[in-house]
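Remarks on the structure that follows.
Please treat every number below as a calculation from the coordinates, not as lab data. All of these numbers come straight from a predicted model, not from anything done at the bench.
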Amino acid sequence: MAALSQTAASVVPGSGTVRKETVVAGGTITAGMPVYKDLTDSNKYKAARANAAATAVVAGIALTGSSNGQPLVIQTAGNINLGATLAVGESYYLSDAVAGQIIPVADLGVGDYPTPLGVATSTSILALDIDIPGVAKA
């Protein structure tokens with residue numbers, strides 16, 4: 001498999017209860033990207049990547065696009081339409097290969113910091129339930 005091919009304009013909160021917050025971007029962010037809070041850069045939010053412990057601490061999924069220093073709306077829990085075709089029942093994780101990408105669980109490699117994002121409940125909706133184990137895959 002490969003990283004999800006997302007359409008940023010189609011990334012929206014799903015139905016039901018969702019949690020959102022507005023933060024400050026620390027770079028160019030596209031809707032649909034998992035983001036983390038960079039504690040070394042004024043707590044700005046940047047594209048997350050599972051290749052290091054610090055960048056694998058996903059805070060949420062971007063609902064809007066943004067640039068460095070600008071407001072960014074992220075979703076931290078609840079159903080989300082990722083603007084991609086999902087496999088029902090599949091678990092999706094943060095990618096280690098490219099910052100801000102989402103991959104199916106089968107694509108995780110040794111040395112990655114697995115960060116579960118949620119499970120697909122339909123071909124378009126992810127039940128967002130971020131977990132931060134903080135350990136590298138052996």
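With the contact rule set at Cα under 8 Å and sequence spacing of 6 or more, what percent relative contact order holds for the chain?
28 percent
Contact order normalised by length for the range 64-133, with contacts defined as Cα pairs under 8 Å and 6 or more residues apart; what percent is it?
36 percent
Rounded, prolate or oblate: which one fits the chain, using the alpha carbon gyration tensor with axes a ≥ b ≥ c (rounded when a/c is under 1.5, else prolate when a/b beats b/c, else oblate)?
Judged from the Cα gyration tensor, the chain comes out oblate (a/c at least 1.5, b/c at or above a/b).
Compute the distance from the alpha-carbon center of the range 66-138 to that of the range 6-64, in whole Å.
After rounding, the separation between the Cα centres reads 10 Å.
Averaging sequence separations of C-alpha pairs under 8 Å and six or more residues apart, then dividing by the length of the range 21-82, give the relative contact order as a whole percent.
Relative contact order comes out at 41 percent.
Expressed in nm to one decimal, what extension gain is obtained for the pair T40 and A9 from 0.36 nm per residue of sequence separation less their Cα-Cα distance?
The span from T40 to A9 would gain 8.1 nm if fully extended.
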